[in-house]
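A short reminder: the numbers here are calculations on the coordinates, not readings from a lab. Note that this is a predicted model, so its numbers are computed, not measured. Neighbour counts are summed over all protein chains in view; Cβ atoms, including those assigned to glycine, are modelled from backbone coordinates with ideal geometry.
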């Protein structure tokens, strides 16, 4: 089994990354910045799911990572389309 | 031995994702933030997934890991391109230290037209329809038609 210290260090780095991305998500200043921060948050959560898979040894958690990656891509495409076609914005 | 490979993959991936988040927090404008988050974020997720494959040493897990990594490597550039393009078109301000912006003189945000420099050869520009001109629902809507004249100037 893997050393718990390594897993905890990885969790610490991932969670502080999530915190930074969340600060950018709240600060803005424009809607595309927030979309980029949301996409990064989704990929950080997918990485956290991977670390959790290694820690617990349950391989079924990988499906969550697949779905998260898919959802992040669809969200980005949807927001890009929305912005380009000129939907209502309230930055 | 495998444990060391898994530890190296996890730590490198987590550090890369931390760097991506630091870049998204510290960098000054949208394209620089996107360049930090897309490249480092995709590589970080992929490294952690490769660590998962090494930790399990199983065919089913490795197949799923290959699927995730391929999907991330395929979709991260596409998503970044779409958001960057949309951000430029809606007029997100660039950093004041930007050295090169090729579209600045050639793109007109009102008509959404980009000059190619070959207008004499190719004739007048066609109206941009986003590839939805064939959609019957959008054809019935008046506001989708390109404006013939702009009364406001």
Which whole number gives the average, over all residues in A:22-29, of C-beta atoms from other chains lying within 10 Å of the residue C-beta?
2
If packing is taken as the average number of other Cβ atoms within 10 Å across a peptide's residues, how do B:96-108, A:57-69 rank, most packed first?
A:57-69, B:96-108
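Taking N as the number of residues in the range A:25-82, what value does Rg over Cα atoms divided by 2.2 N^0.38 Å take? Present the calculation step by step, with values, prior to reporting the outcome.
Details: Rg = 13.4 Å, N = 58, 2.2 N^0.38 = 10.3 Å.
In units of the globular-protein estimate, the range A:25-82 measures up at 1.30.
Whole-Å semi-axes of the range B:25-93's equivalent ellipsoid, largest first, each the root of 5 times a Cα gyration tensor eigenvalue?
Details: eigenvalues 200, 33, 5 Å².
Working from the Cα gyration tensor, I get semi-axes of 32, 13, 5 Å.
Helix-derived [θ] at 222 nm for chain A: sum -39500 (n - 2.57) over DSSP H runs of at least 4, divide by residue count, nearest 500?
On the way: 3 runs with 74 residues, N = 91.
Estimated from H runs of four or more residues: -29000 deg cm²/dmol.
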Between the range B:76-113 and the range A:18-54, the alpha-carbon center distance in angstrom:
23
I'd like the mean, over residues of B:89-96, of how many other protein chain beta carbons sit within 10 Å of each residue's own Cβ.
3
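Express the relative contact order of the range B:2-89 as a whole percentage, based on alpha carbon pairs under 8 Å and six or more residues apart in sequence. Kindly include the intermediate steps, with their values, before the conclusion.
Numbers: 79 pairs, mean separation 28.9, N = 88.
So the answer I get is 33 percent.
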In vacuo Debye sum over C-alpha of the protein assembly as shown, base-10 log of normalised intensity I(q)/I(0) at q = 0.10 Å⁻¹, listed in q order, is -0.57
Could you calculate the FRET efficiency of residue A:23 with residue A:60 from 1/(1 + (r/R0)^6), where r is the beta carbon distance between them and R0 is 30 Å, rounded to 0.05?
0.40
Largest first, please: the extent of the C-alpha atoms of the range B:25-65 along each principal axis, to the nearest Å.
43, 14, 9
Peptide A:65-74 - average C-beta neighbours from other chains (10 Å radius)
5
Alpha carbon Rg of the range B:62-122, scaled by the compact-globule rule 2.2 N^0.38 Å
1.67
For the range A:4-84, calculate the relative contact order in percent as a whole number, restricting contacts to Cα pairs under 8 Å that are 6 or more residues apart.
28
